[in-house]
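J.: Provided herewith is a single structure, encoded as structure tokens, for subsequent inquiry.
The values are calculated or read from the model by the stated rules, or taken from the named source; none is laboratory data. Since this is a predicted model, take the numbers as computed values, not measurements. Reconstructed Cβ throughout: ideal geometry from the backbone, glycine too, with neighbour counts over all protein chains shown. What goes into the accessible areas is simple: the full protein's heavy atoms, side chains included, and nothing from ligands, DNA or RNA. Shrake-Rupley method; radii C 1.70, N 1.55, O 1.52, S 1.80 Å.
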Amino acid sequence: MNVQARHGPAALQGRLDAALARDAADELAGMRARFALPHAADGTTLLYLCGHSLGLAPTAARAMIEAEIAHWERLGVLAHEDAASDWIGYAERLQPLLAQLAGAQPHEVVAMNSLSVNLHLLLASFYRPSGQRRAILIEAGAFSSDRHVVASQIDWHGFNPEHELIELSPRPGEELIRIEDVEARIAHEGSRLALVLWPGVQYRTGQLFDLARIARAAHAVDCQVGFDLAHAIGNVPLALHADDADFAVWCSYKYLNAGPGALGGAFVHERHCAGGDLPRLTGWWGHDPGTRFEMGPQFRAARGAAAWALSNPPIFSAAPLLASLPLFAEAGMTALRRKSMALTAYLASLLSELGGEQLTIITPADPAQRGSQLSLRIARGAGHGRQLFQALLARGVVCDWREPDIIRIAPVPLYNSFEDVLRGAWQLCELLQPRR
Ligand SMILES: Cc1ncc(COP(=O)(O)O)c(C=O)c1O
């Protein structure tokens, strides 16, 4: 098919009818109305394909924040114990909803802090270097904050990150890390390894990993394993308890749609909670809620992951999370994943057909090894890299750019449609292969 035939208005119209038919049959289509869709200065709705970076605002969020401001205005300190506001128990209300998404028991999860802070707090418990066992394994090209966190932890314990931080790269000439290479490297490092920190979904490539296999490999050499779920929670089904993760951390502003800098979360497997024998950094909010306000000098741990909480929860930041999480329960993660796979497969097929040689999808083609996001490598010179992304934005398509040559794009099943995917892919491919 020549470029004109692929990109002409008639070709778009034919495809549009098919996309609209899929939207009409979509059981989750109604969820879109529960989100505020961003718009340009002239009022036109933007085509938002960037939920992997910042999820959209649930329409309920504003009212829920305003309700808490009203509680504050009306009740002052009394709002902590008022039945309607229940600021004391606010974080606990999030637990069952988060647990469903994490594949955990409610007491294994806690809403607190932000991702990097939670990672430090959990490494304080789970990274206990001793003797020859003091190395941490991460993926090469890990998110910068994760790398800073683990390198500084190694340093904090008096060791040298140049020796004790092991970064596993893909094989030469490959983009993705093979799961069997992760397992082999863990087995190879063996008794050197104190901890493996691995992403659920890698932020740059969009690769989804089999967490159970990684946990099994780590435990086989007696080391701890934790997961960074920034790009996984709310994106793909998780089973942290059954997969036997020791701990996990996440942020809530991506697929969880809880707003910029939103309250993050953490998981601690119940086997580490029961005896309470892990050392941890403590604060009053991790104290047993039954006796917390007795203000005694002895720390008595709250049940489960909540024992890692330090401070009373920021209510205005927690409110949008409480607005968003019930939408996942309402839609159901099975239905969301089904739609996500369909949207992403549709996007991949359009890009493969229309994108030409200047665009390569580096995210795995196997739907079981990816979530919503596709990462596209743009050939050097094609649309002048970053300018291509800016040109897309000028056409009202919001995705993001990762230096030096990656566009990340994610159709989110809660609020994106097949029409969005078609129009977004169409604009991108038109920019890559102008009709003239
Ligand atoms: C994979 C990953 N890890 C860590 C972070 C850091 O998160 P925070 O700024 O909430 O600590 C992010 C933020 O986008 C991320 O994507």
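J.: Which cross-chain or sequence-distant (5 or more) residues have an amide H under 5 Å from the amide H of Leu46, H modelled 1.01 Å from N in plane?
T.: Under 5 Å from the amide H of Leu46: His39, Ala40.
J.: 222 nm [θ] for the chain, helices only, -39500 (n - 2.57) per DSSP H run of 4+, per residue, to 500?
T.: Details: 15 runs with 171 residues, N = 436.
Estimated from H runs of four or more residues: -12000 deg cm²/dmol.
J.: Okay, moving on. Once phi is turned into ³J(HN,Hα) by the Karplus curve 6.51 cos²θ - 1.76 cosθ + 1.60 with θ = phi - 60°, what whole-Hz value does each residue of the stretch 418-432 show in order, with x for glycine and proline?
T.: Whole-Hz 3J(HN,Hα) from phi for the stretch 418-432: 5, 4, 4, 4, 4, 5, x, 5, 4, 4, 4, 6, 5, 5, 6.
J.: If you take every DSSP beta bridge fully contained in the chain, what fraction is antiparallel? Give it as a percent rounded to 5.
T.: 55 percent
J.: Could you tally the net charge around Ala379, taking each other residue with its Cβ under 9 Å from the Cβ of Ala379, Lys/Arg +1 and Asp/Glu -1?
T.: Once positives and negatives cancel, what remains is 0.
J.: As an exercise, use a Förster radius of 22 Å and the Cβ-Cβ distance of Ala379 and Ser352 to find the FRET efficiency, rounded to the nearest 0.05.
T.: Using R0 = 22 Å, I get an efficiency of 0.90.
J.: Here is a further query. What net charge is computed for the residues neighbouring Asp26, neighbours being all others with C-beta under 12 Å from the C-beta of Asp26, Lys and Arg scored +1, Asp and Glu -1?
T.: 0
J.: Here is a follow-up. Compute the Cα gyration tensor for the chain, then decide on rounded, prolate or oblate, letting a ≥ b ≥ c be the square roots of its eigenvalues: rounded whenever a/c is under 1.5, prolate when a/b is larger than b/c in the other cases, and oblate in all that remain.
T.: oblate
J.: Go through His287, His80, His148 and list them by solvent-accessible area, largest first, probe radius 1.4 Å.
T.: Result of the area sort, largest leading: His148, His80, His287.
J.: Let me ask something else about it. With labels modelled as points extended 7 Å from the Cα through the Cβ direction, what inter-label distance (nm, one decimal) is found for Arg292 paired with Gln369?
T.: Placing both labels 7 Å beyond Cα along the Cβ direction yields 4.4 nm.
J.: Run through all the Cα pairs of the stretch 368-429 and give the fraction in each 10 Å bin from 0, expressed as whole percent.
T.: Distribution as computed: 21, 54, 23, 2 percent.
J.: Which value, in Å² rounded to 10, gives the accessible area of Val421 with a 1.4 Å probe and all protein chains present?
T.: Accessible area of Val421: about 0 Å².
J.: Apply the a/c threshold of 1.5 to the C-alpha gyration tensor of the stretch 201-298 and tell me whether it is rounded, prolate or oblate.
T.: Details: a/c = 2.87, a/b = 1.36, b/c = 2.11.
Because a/c hits 1.5 or more and a/b fails to exceed b/c, the stretch 201-298 counts as oblate.
J.: Right, something else. Convert each backbone phi in the stretch 122-134 into a coupling constant with the Karplus relation 6.51 cos²θ - 1.76 cosθ + 1.60 (shift: θ = phi - 60°), then list the ³J(HN,Hα) values in order as whole Hz, x for Gly and Pro.
T.: Along the stretch 122-134, the couplings run 6, 5, 4, 8, 9, 9, 10, x, 7, x, 7, 8, 9 Hz.
J.: To continue, here is another question. Report the local net charge at Thr363: Lys and Arg +1, Asp and Glu -1, summed over other residues whose C-beta lies under 11 Å from its C-beta. Don't skip to the end; give the middle numbers.
T.: Details: positive: Arg204, Arg370, Arg377, Arg408; negative: Glu175, Asp366.
So the surrounding residues net to +2.
J.: His39 to Ile362: extension gain in nm, 0.36 nm per residue of separation minus the Cα-Cα distance?
T.: Length gained between His39 and Ile362: 113.3 nm.
J.: Extension gain Thr282-His80, at 0.36 nm per residue separation less the Cα-Cα distance, in nm?
T.: 70.5 nm
J.: Report the one residue of Gln13, Ala79, His52 whose Cα lies farthest in the direction of the positive end of the charge dipole of the stretch 12-83 (charges on C-beta: Lys and Arg +1, Asp and Glu -1; origin at the Cα centre).
T.: Value computed over the given set: Gln13.
J.: Take the chain, connect every pair of alpha-carbon atoms lying under 10 Å apart with a spring to form a Gaussian network, then pick out the residue of Leu16, Leu98, Leu54 with the largest mean-square fluctuation.
T.: Judging by the Gaussian network model, the answer is Leu16.
J.: With every protein chain left in place and a probe of 1.4 Å, what is the accessible surface of Arg93, to the nearest 10 Å²?
T.: 90 Å²
J.: Take the Cβ-Cβ distance between Ala301 and Ala345 as r, set R0 to 56 Å, and report the resulting FRET efficiency rounded to the nearest 0.05. Don't skip to the end; give the middle numbers.
T.: On the way: r = 45 Å, r/R0 = 0.81.
Here the calculated transfer efficiency is 0.80.
J.: Label point 7 Å out from Trp156 along Cα-to-Cβ: which residues of the stretch 96-138 have amide N under 11 Å?
T.: Once the point is set 7 Å along Cα→Cβ of Trp156, 117-128 turn out to lie under 11 Å by backbone N, inside the stretch 96-138.
J.: At what distance in nm do the modelled label points of Arg128 and Arg402 sit from each other, each positioned 7 Å from its Cα along Cα→Cβ?
T.: 3.4 nm
J.: Got a sec to turn the phi values of the stretch 165-179 into Karplus ³J(HN,Hα) couplings, 6.51 cos²θ - 1.76 cosθ + 1.60 with θ = phi - 60°, whole Hz, x for Gly and Pro?
T.: 9, 9, 10, 8, 9, x, 4, x, x, 10, 9, 10, 8, 6, 4
J.: How much of the calculated P(r) for the stretch 140-186 lies past 16 Å, in percent of all Cα pairs?
T.: 48 percent
J.: Could you list which residues have their amide H under 5 Å from that of His287, counting only those 5 or more apart in sequence or on another chain, with H placed in the peptide plane?
T.: Ala302
J.: Could you order Glu270, Glu27, Glu357 so the one with the most accessible surface comes first? Probe is 1.4 Å.
T.: Details: Glu270 65, Glu27 125, Glu357 180 Å².
Solvent-accessible surface, decreasing: Glu357, Glu27, Glu270.
J.: Given H placed 1.01 Å from N in the peptide plane, which residues other than close sequence neighbours of Leu359 have an amide H under 5 Å from its amide H?
T.: Here Ala379 satisfy the definition.
J.: Mind telling me which of Ala41, Ala329, Ala24 comes out most flexible in a GNM of the chain, alpha-carbon contacts under 10 Å?
T.: Answer for the Gaussian network model of the chain: Ala41.
J.: If DNA, RNA and ligands are ignored and the probe is 1.4 Å, what is the ranking of Tyr48, Tyr127 by accessible area, most exposed first? It would help to have the intermediate numbers written out before the result.
T.: Working: Tyr48 30, Tyr127 0 Å².
Accessible-area ranking of Tyr48, Tyr127, largest first: Tyr48, Tyr127.
J.: Mind running the shape call on the stretch 1-146? Use the C-alpha gyration tensor, a ≥ b ≥ c as the square roots of the eigenvalues: rounded below 1.5 for a/c, prolate if a/b tops b/c, oblate otherwise.
T.: oblate
J.: Okay, next question. With each pseudo-label sitting 7 Å past Cα toward Cβ, what's the Ser144-Trp72 distance in nm, one decimal?
T.: 3.1 nm
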